[in-house]
1. Looking at (1) in contact with a helix residue (DSSP H, G or I) (Cβ under 6 Å, 6 or more places away or on another chain); (2) surrounded by fewer than 22 Cβ atoms within 10 Å (Cβ to Cβ); (3) under 30 Å from residue 259 (Cα atoms), find the lone condition where residue 323 falls short.
2. Mind checking which strands (runs of 3 or more DSSP E) fall wholly inside the stretch 317-420 and carry at least 2 residues that are under 23 Å from residue 100 (Cα atoms), of a type in the set (Ser, Thr, Tyr) and touching a residue at least 60 places away in the same chain (Cβ under 8 Å)?
3. Inside the stretch 32-116, counting only helices (runs of 4 or more DSSP H) that do not spill past its ends, which hold 3 or more residues that are more than 20 Å from residue 235 (Cα to Cα) and at pLDDT below 95?
4. Collect the residues in the stretch 164-216 that are of a type outside the set (A, V, I, L, M), part of a helix (DSSP H, G or I) and within 22 Å of the chain's Cα centre (by Cα), keeping them in residue-number order.
5. Counting just the residues of the stretch 287-314 that are of a type outside the set (A, V, I, L, M, F, W, C) and in contact with a strand residue (DSSP E or B) (Cβ under 8 Å, 6 or more places away or on another chain), which one comes out nearest to residue 95 (Cα to Cα)?
6. Only one residue in 386, 363 is surrounded by 24 or more Cβ atoms within 10 Å (Cβ to Cβ), at pLDDT 95 or above and touching a Pro at 6+ places or on another chain (Cβ under 7 Å). Which one?
7. For the stretch 228-244, state whether one or more residues are without any contact (Cβ under 8 Å) to a residue 60 or more places away in the chain, surrounded by 14 or more Cβ atoms within 10 Å (Cβ to Cβ), part of a loop (DSSP other than H, G, I, E, B) and within 19 Å of the chain's Cα centre (by Cα).
8. Go over the candidates 304, 312 one by one and state the one that is in a loop (DSSP other than H, G, I, E, B), charged (D, E, K, R), under 30 Å from residue 380 (Cα atoms) and in contact (Cβ under 8 Å) with a residue 24 or more places away in the chain.
Amino acid sequence: MKNRPRHSVTLLFSLVFFLVSCHGCQSTNGDGPQGVTPEESFQKIIPALMSKWNIPGGAVALARNGTVVMTEAYGLADKTGNVAVTTNSLFRIASLSKPVTAVAALKLYEGGLLDLNAKVFDILDDIDPLPGATVDPRLADVTVLDLLRHSGGWDRNASFDPMFRSREIAAAMGVPTPADAAAVIRYMMGQALDFDPGTKYAYSNFGYCLLGRVIEKVSGESYDEYVKTAVLMPATAVGMRLGRSLETDRAVGEVVYYDYSGAPQALSVFAAGTEYVPWPYGGFAIEPMDAHGGWLAAAGDLVKFLLTVDGKATKADILQPATVDLMVARPPLPEWQGAASYYALGWQVRPTGGDANWWHTGSLPGTSTIMVRTANNLCWVALFNSRPANADAFFNELDSELWRAVNGITDWPAASVSKD
């Protein structure tokens, strides 16, 4: 794809329409007293998958009918120290951060503090472009809703993804590398849009970077503090926190990230010279990615988050039913008319059986993640501390294997059996 580095660091979303959408109508409802438990079914599949793709460590969490029925850890969090992954291990979740950010924005909408049709740069009126920059007049038309559904006018395939151009933007801005979120935004205010806002879908990390700044401006709090108090604490996902770029700044309990064997090194975004580093540790800056790719989480906390936004009656949601419906409604964009699946507000959605499957994937060098909510009352999360060289093939197999693991369960815990 155009303007991508040889060792791609952009989050992978060309593949997501081929993931859960391919398996949307499958799932066992077996409640027999004898048979295969969730732990047994996943144990048959996940370690073998990790071995095949040379992934050191991973974690999976599964919920059914509003109840968490399994949290399992596999392999190594740190190969050097031979430290095992635990169910409390923190992973970079990459773009699973986007549904979290979308829910935070929708909480502000519910509270009457954020108009989804408001113009983004009317809200961010304290951010100015570089002196002398030519500002695309269409920037004035970008709405909050455009950011949520990736229709703001930025197309990384037609131009570039500024969230992975820290060194270049810092040099252009005359600031130390890596460029922070404010510097990236000021720089982008001087770049032409790739299309008219609101007219098409084009996945944009930068759009969600802007959304994080909108949340800060409207809430009067930092992005992470607002998300923690408004979303994560009510969801009891209290272990989540924002990540740091460098290995020396790893959080307590955070796994080590490993690139695939033979991967090239990256020019460090934390040095102005020619220092080369492993991609997961300095090939990009995760701090400015907070709202689109910056969170750390244990798998169990992400399932708790899912259960409080899933629109199901089995557990109280932190969003009102009408807001949940809005969050997963089909946007009026040309790509989605008649399509089997679509990107709504922070979620991929595939209608099925009078309901829908929702999901999101996340991908960075050293990180592969997926989060799924199904139409038949299941939720699961899988997190890994490596990304294979052929990431598209891995994600397709991962999705298929996770469905196979779920479908292999015939002995569900009693607490998860529906009383309907």
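1. Among (1) in contact with a helix residue (DSSP H, G or I) (Cβ under 6 Å, 6 or more places away or on another chain); (2) surrounded by fewer than 22 Cβ atoms within 10 Å (Cβ to Cβ); (3) under 30 Å from residue 259 (Cα atoms), the lone unmet condition for residue 323 is (3).
2. It comes to 355-364, 367-373.
3. The helices (runs of 4 or more DSSP H) meeting that bar number zero.
4. Kept after step one, since they are of a type outside the set (A, V, I, L, M), are these residues of the stretch 164-216: 164-168, 174, 176-178, 180, 186-187, 190-191, 194-201, 203-209, 212-213, 216.
The next check asks that each one be part of a helix (DSSP H, G or I); those that pass are 164, 166-168, 186-187, 205-209, 212-213, 216.
Answer for the stretch 164-216, where residues must be of a type outside the set (A, V, I, L, M), part of a helix (DSSP H, G or I) and within 22 Å of the chain's Cα centre (by Cα): 164, 166, 205, 206, 207, 208, 209, 212, 213, 216.
5. 293
6. None of the others qualify; the one that does is 386.
7. Checking the stretch 228-244: at least one residue is without any contact (Cβ under 8 Å) to a residue 60 or more places away in the chain, surrounded by 14 or more Cβ atoms within 10 Å (Cβ to Cβ), part of a loop (DSSP other than H, G, I, E, B) and within 19 Å of the chain's Cα centre (by Cα).
8. 312
The values are calculated or read from the model by the stated rules, or taken from the named source; none is laboratory data. Since the model is a prediction, treat every value here as computed from it, not as a measurement. Cβ: placed from backbone, ideal geometry, glycine included. Neighbour counts: every protein chain shown.
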